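> This structure is in structure tokens; I'll ask about it shortly.
Any read-out appearing in this document is the output of simple, stated calculations on the displayed coordinates, not a laboratory observation. What you are looking at is a predicted structure, and each value in this text was computed from that prediction instead of being measured. Here the Cβ positions follow ideal geometry from the backbone for every residue, glycine too, while neighbour counts run over all protein chains shown.
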Amino acid sequence: MKKSILFVDDDRQLLTALKRMLWNRRDSWDMSFVDSGDAALKLLAEQHHDVIVADMRMPGMDGRLLLRTVRKRYPWMMRLVLSGDSDLLHIMRTVPESHQFFTKPVSAQQLAQVIERGCRLRDMILSDEMRRVIGRIDALPALPDVYTRLTRMLEDENAPVEAVTAVIAKDVALSADILKLVNSSFFGPRIRVRGLDQAVTLLGLETIKGLVLGVQLFSVFDTKRIPDFSFPKLWEHSLITGKMARRIAQIEGLSPEAQDDCYIAGMLHDLGKFVLADKLPDEYRALVTRSRRENLAIVDAECSQLGVGHAQVGAYLLGLWGISDAVLEAVAFHHAPSALGLTAMSTVSAVHAANVFEHQFVVINPSYAPHEMDQAHLEQAGLTGRLEIWKKVCLEALESGDGV
């Protein structure tokens, strides 16, 4: 099926150039070209589109406001920036609204690769089975308000610690949970952390933001519905997986931003289990029992009985919230990264390996089938020789008390 791509730029000559440059894509893409944000929103209200590619600096409604509106109205739509702007501050401000930023000029091949990969990711998650399962759920949890406010604040890379602390401090229960986590054996600080400002300074803004999302999100689920399923242990597993994924990213030389993505994706990779257990308790209780009885992996039991696994469900929810594609991809494919066909180290590589190692190191229930490493992915990405090094640093991360 053809994908619908909308290009928005007030420079009509550039739109004409894009039409020429992408002419050979007409068999696989339906392309629309408009010269203003208002015209883009009008067209989106009339026709379905899969992708929007917008300039940043436009008269009237600028690209940032346009993409912010698109994000709210059409959360699953892929949002790209194609701009001649070289101002780092302006570029940073687009990050929460866009999935990727391109600087003009850009080649047709570059643009096509990103668009096709993003569309493929969405098609994999938004399967008919996924729509059927989600259709049975009355209401999905909303993105926590404190996380949203922190994200807005941290668009400014110079956001003061005091301001971040003030946002978290307004929620007394959240503040207590954050301090409890920071002082736990998991983080193991060498000194007693007594205040939020100290916690933010110790762990860093992105780690704190990820913890806020995890703590607030997982607190909305009624974990008592499946009494024999240990949600506290699942949450601990998620935290440790995030810690290990970040360590793997560090030794592989991924950027600081990618390391943060690894941590957040690792922490949220099992989000779908919480959703399914909370919203479909009877069925989830039955498949947990079956997985233990038949020594079957939870994800296989989920796919067999529900048609989808927790990885897809978690990624679907994160997609609705506009979480970055790197995190979305890692959550969706943390059990089978080879499905993506990647040929290099990525966020999903780190999260997949960290999840497998954590399950090997910490056996919650011996009745569960063991987690296996996706050897096909390791070979595709040329990472097979790195496995023992990763295992060593992950074990050190588990045993250490030096934070994340």
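> Given 0.36 nm per residue, what is the gain on full extension from VAL362 to PHE101 after removing their alpha carbon distance, in nm?
Values: separation 261, 0.36 × 261 = 93.96 nm, distance 3.97 nm.
The VAL362-PHE101 span can extend by a further 90.0 nm.
> For region 183-326, restrict the atom set to alpha-carbon positions and state the Rg and Dmax in Å.
Values for region 183-326 (Cα only, Rg and Dmax): 16.6, 49 Å.
> Could you sort the peptides 331-344, 205-218, 158-171 by per-residue average Cβ neighbour count (10 Å cutoff), highest mean leading? List each step's numbers first, then the result.
Numbers: 331-344: 20.4, 205-218: 22.0, 158-171: 15.0.
By packing density, highest mean first, the sequence is 205-218, 331-344, 158-171.
> By what distance, in whole Å, do the Cα atoms of region 303-357 stretch along each of the three principal axes, largest value first?
The Cα atoms of region 303-357 stretch 31, 27, 21 Å along their principal axes.
> Could you work out the percent of alpha carbon pairs in region 3-125 separated by over 19 Å, rounded to a whole number?
Details: 3134 of 7503 pairs.
Roughly 42 percent, once rounded to a whole number.
> Please enumerate, by chain and number, the lysines with C-alpha under 24 Å from the C-alpha of LYS42, excluding those fewer than 8 residues away in the same chain.
LYS2, LYS3, LYS19, LYS72
> What is the fewest-to-most order of ARG290, ARG122 by other Cβ atoms lying within 10 Å of their Cβ?
ARG290, ARG122
> Summing Lys, Arg as +1 and Asp, Glu as -1, what charge do residues with Cβ under 15 Å from the Cβ of ASP128 carry, ASP128 excluded?
Values: positive: ARG122, ARG131, ARG132, ARG136; negative: ASP123, GLU129.
Charge balance near ASP128 sits at +2.
> Measuring from label point to label point, each 7 Å out along Cα→Cβ, what is the ARG194 to ALA369 span in nm?
A separation of 5.2 nm, rounded to one decimal place.
> If you don't mind, there's one more thing I want to ask. Peptides 380-393, 67-80: what's the order by average Cβ count within 10 Å, highest mean first?
On the way: 380-393: 15.3, 67-80: 18.1.
Those peptides, ordered most packed to least, come out 67-80, 380-393.
> Given charges of +1 on the Cβ of Lys and Arg and -1 on the Cβ of Asp and Glu, with all other atoms neutral, how large is the dipole of the chain about its Cα centre, in debye to the nearest 20?
Details: 46 positive and 52 negative charges, 80 e Å.
So the dipole magnitude of the chain works out to roughly 380 debye.
> Over the chain, what lengths in whole Å, largest first, do the semi-axes of the equivalent ellipsoid take, defined as the square roots of 5 times the eigenvalues of the alpha-carbon gyration tensor? Mind showing how you got there, number by number?
Details: eigenvalues 251, 131, 89 Å².
Output for the chain: semi-axes of 35, 26, 21 Å.
> So how much slack lies between SER230 and ARG149, counting 0.36 nm per residue of separation and subtracting their Cα-Cα distance, in nm? Working shown, then result.
Working: separation 81, 0.36 × 81 = 29.16 nm, distance 3.10 nm.
Value of the extension gain: 26.1 nm.
> What FRET efficiency comes out for the pair LYS42/ASP138, r = Cβ-Cβ distance, R0 = 30 Å, nearest 0.05? Let's see the in-between values first.
Numbers: r = 33 Å, r/R0 = 1.09.
Efficiency, rounded to the nearest 0.05: 0.35.
> Label-point separation (nm) for GLN13 and LEU65, each offset 7 Å from Cα along Cα-to-Cβ?
About 2.7 nm separates the two model spin labels.
> By average Cβ neighbour count within 10 Å, what is the ranking of 258-267, 47-56, 20-29 from highest down? It would help to have the intermediate numbers written out before the result.
Working: 258-267: 28.5, 47-56: 20.8, 20-29: 13.2.
Descending mean neighbour count gives 258-267, 47-56, 20-29.
> Further question: Simple spin-label model, 7 Å along Cα-to-Cβ: ASP30 to ALA166 in nm?
About 4.9 nm, to one decimal.
> Pull up the cross-link candidates among the aspartates and glutamates for LYS279, meaning alpha carbon to alpha carbon under 18 Å and not fewer than 8 places away within one chain.
GLU129, ASP138, ASP222, ASP228, ASP270, GLU302
> In debye, nearest 20, what is the charge dipole magnitude of region 3-125 about its Cα centre with +1 on Lys and Arg Cβ and -1 on Asp and Glu Cβ, if you could check?
Working: 19 positive and 16 negative charges, 59 e Å.
Around 280 debye, computed over region 3-125.
> To the nearest 20 debye, what charge dipole does region 266-356 have about its Cα centre, counting +1 at the Cβ of each Lys and Arg and -1 at the Cβ of each Asp and Glu?
Numbers: 6 positive and 9 negative charges, 44 e Å.
With only Lys, Arg, Asp and Glu charged at Cβ, the dipole is about 220 debye.
> Using Cα positions and a limit of under 25 Å, work out the lysines in reach of LYS392, with same-chain residues fewer than 8 apart set aside.
Filter leaves LYS233, LYS243.
> Full-extension gain between ASP222 and MET124, please, as 0.36 nm times their residue separation minus the C-alpha to C-alpha distance.
32.4 nm
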